[in-house]
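Step one of this worksheet: look at the structure below.
The values are calculated or read from the model by the stated rules, or taken from the named source; none is laboratory data. What you are looking at is a predicted structure, and each value in this text was computed from that prediction instead of being measured. Using ideal geometry, Cβ is built from the backbone for each residue, glycine included, and neighbour counts are taken over all protein chains shown. We work out accessible area using only protein heavy atoms, side chains counted, and drop any ligands, DNA or RNA first. Shrake-Rupley method; radii C 1.70, N 1.55, O 1.52, S 1.80 Å.
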Amino acid sequence: MELLAPSDYSARLTEAVAALPAVDVAVTDCLGLVLAEPVIARASLPGFDNSAMDGYAVRAQDVPDAGTVLPVAGVVPAGDTRRNRLEPGTAWQIMTGAPVPDGADTVVQVELTDGGTDEVRFERAAEPGVSIRRAGEDVSAGDEVLAAGTRIAARHVPVLVAAGSATVRVIPRPKVAVISTGDELRSVGDELAYGQIIDTNAPMLAALARQAGFEVVHIGRSGDTAEAVLAAVEQASDAGADAIITTGGVSAGAFEPLKAAFEGGSEITFSKVAMQPGKPQGFGIIGDRMPLFALPGNPVSSLVSFVMFVAPALRTMAGRTTDIAWLSARVTKGWRTSPGRAQIARVRLSQNDHGLGVAPSGGPGSHLMGGLAHADALAWIDASADEVTAGDEVRVVSLEGEFA
Ligand code: AMP
Ligand code: MG
């Protein structure tokens, strides 16, 4: 079977999936979701002329000189719903955010007065148009305040909420089900007999999916028969998943239950990708439109497969970017690699005078979980390289964030 370039394999997956149908979500629950439609302001912002300072609302012409004294008509606090009117030759004491009385054309900040409550003395002549936030100066009703395709971050929340709609149309977070396969697996907390191991992949993939911004709706496990896998996949679909991730059972040996369940059928294609770790991969759409990602079983292989292939496809389903957030880093300590396949190396990043530095972390074995915990990034080493040398520039993706 020919080896596929990792980029070609990833493209095959992202092209096979599509953004999920849009839904209406409360504006306060949209963090991390992508807008399916633009957000149009229902109201202008600010909604009314209001004071930018604590001070006194006056007509500038009534305060022509330092030493002018005016009677104070009253106080306008923030939240005052009265429509106040300024009589010529008077002042209203006013607080930041309070509506400016009709007839006032400026606000003199309290620091430029004696702060009086019955009457107020001004330290200098007033200028018109000062310290008033004008209605609509930020946003006009009818303006598009956020474009379709925007991924809601904290900075978008104020305008989203103030624009006046209780809900917005967004692409929902894909719901992911994770299934690990293997007769040797037991769950965390179980007693282990000789030859058995804890299922680490399902909890890890659930954590990866959540870290990358998706929702996990089901975590399952199956033994090493085709029937067990098919039953676990059915359970995952019944749990309301939008996508299923399996691990294990995709290599060339015996007891490869994913292959036993799907090989030769039309739904899942098994491939070999020119990448180390993560060479054996399976992918397809089962049933109506359920993507199934069949990852290799070694923990590091399945982590790398998630970052490189699954996350970009799930992001496509979420309306987000397919791109991986590669950064450029300079190798501070070299290592050997085997040519012919792209190596996705576990590395540690450091910050130095020249920018980002990168050094190998842990051994290369795909079963090394202790080592994996010390790595904080993956480095991409081209298939043509047989060695990475100090000073080389390489691409790295952090394992701390969303990978995008
Ligand atoms: P497989 O791809 O099923 O042949 O598994 C390859 C290696 O990964 C074997 O050593 C398995 O025991 C191990 N492995 C498979 N699945 C898991 C899992 N969920 N958690 C931990 N190790 C696993
Ligand atoms: Mg197995």
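The table below gives the values:
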{"quantity": "Residue tally, condition in contact with a strand residue (DSSP E or B) (Cβ under 6 Å, 6 or more places away or on another chain) and either farther than 20 Å from G334 by Cβ or open to solvent by less than 30 Å² (accessible area, probe 1.4 Å) (or both), over the stretch 349-371", "calculated": "4"}
{"quantity": "Pairs where the first residue, in the stretch 101-130, is on the phi > 0 side of the Ramachandran plot and the second is open to solvent by less than 90 Å² (accessible area, probe 1.4 Å) and modelled with pLDDT under 95, C-beta under 9 Å, 6+ apart", "calculated": "none"}
{"quantity": "When residues of the stretch 268-279 are limited to those that are under 21 Å from R221 (Cα atoms) and surrounded by fewer than 23 Cβ atoms within 10 Å (Cβ to Cβ), the one nearest to ligand 1 (Cβ to nearest atom)", "calculated": "F270"}
{"quantity": "Residue, nearest to W380 (Cα to Cα), within the stretch 254-280, restricted to residues that are small (G, A, S) and not in a loop (DSSP other than H, G, I, E, B)", "calculated": "S271"}
{"quantity": "Qualifying residues in the stretch 41-79 (those that are in a strand (DSSP E or B) and open to solvent by 30 Å² or more (accessible area, probe 1.4 Å)) - the one nearest to G89 (Cα to Cα)", "calculated": "P71"}
{"quantity": "Where a residue in the stretch 170-192 is exposed (fewer than 12 other Cβ atoms within 10 Å of the Cβ) and its partner, wherever it lies, is among the basic types (K, R), with Cβ under 9 Å and at least six apart", "calculated": "L192/R186"}
{"quantity": "Qualifying positions in the stretch 332-357 - of a type in the set (V, I, T) and either closer than 26 Å to Q211 by Cβ or under 27 Å from the mean Cα position of the chain (by Cα) (or both)", "calculated": "I344, V347"}
{"quantity": "Unmet criterion (only one of (1) in a helix (DSSP H, G or I); (2) over 30 Å from D29 (Cα atoms); (3) within 14 Å of ligand 2 (Cβ to nearest atom)) for A202", "calculated": "(2)"}
{"quantity": "Of all residues in the stretch 136-169 being β-branched (V, I, T) and more than 13 Å from L35 (Cβ to Cβ), the one that is most open to solvent (accessible area, probe 1.4 Å)", "calculated": "V161"}
{"quantity": "Failed condition for T322, given (1) over 30 Å from P21 (Cα atoms); (2) in contact with a helix residue (DSSP H, G or I) (Cβ under 9 Å, 6 or more places away or on another chain); (3) assigned to a loop (DSSP other than H, G, I, E, B)", "calculated": "(1)"}
{"quantity": "Hits in the stretch 80-90 - residues which are surrounded by fewer than 16 Cβ atoms within 10 Å (Cβ to Cβ) and on the phi < 0 side of the Ramachandran plot", "calculated": "T81, R82, R83, R85, E87, P88"}
{"quantity": "Filter result for V176 (away from ligand 1 (no atom under 16 Å from the Cβ), modelled with pLDDT of 95 or more and aliphatic (A, V, I, L, M))", "calculated": "no"}
{"quantity": "Residue count, the stretch 280-303 (criterion: crowded, with 24+ Cβ neighbours inside 10 Å and either among the aliphatic types (A, V, I, L, M) or more than 31 Å from the chain's Cα centre (by Cα) (or both))", "calculated": "5"}
{"quantity": "The stretch 94-105, residues that are part of a strand (DSSP E or B) and either closer than 10 Å to S51 by Cβ or open to solvent by less than 30 Å² (accessible area, probe 1.4 Å) (or both)", "calculated": "I94, P99"}
{"quantity": "Search result, residues across the stretch 229-240 that are surrounded by fewer than 18 Cβ atoms within 10 Å (Cβ to Cβ) and among the aliphatic types (A, V, I, L, M)", "calculated": "L230, A231, A239"}
{"quantity": "Residues located in the stretch 384-404, provided they are open to solvent by less than 20 Å² (accessible area, probe 1.4 Å) and among the aliphatic types (A, V, I, L, M)", "calculated": "V388, V394, V396, V397"}
{"quantity": "Selected residue [within 13 Å of ligand 1 (Cβ to nearest atom), within 29 Å of the chain's Cα centre (by Cα) and among the aliphatic types (A, V, I, L, M)] from L258, L205, L185, L192", "calculated": "L205"}
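Residue-wise test of (1) under 19 Å from A313 (Cα atoms); (2) away from ligand 2 (no atom under 16 Å from the Cβ).
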residue: V161; (1), (2): no, yes
residue: R169; (1), (2): no, yes
residue: P172; (1), (2): yes, yes
residue: K175; (1), (2): yes, yes
residue: G182; (1), (2): no, no
residue: Q196; (1), (2): no, no
residue: Q211; (1), (2): yes, yes
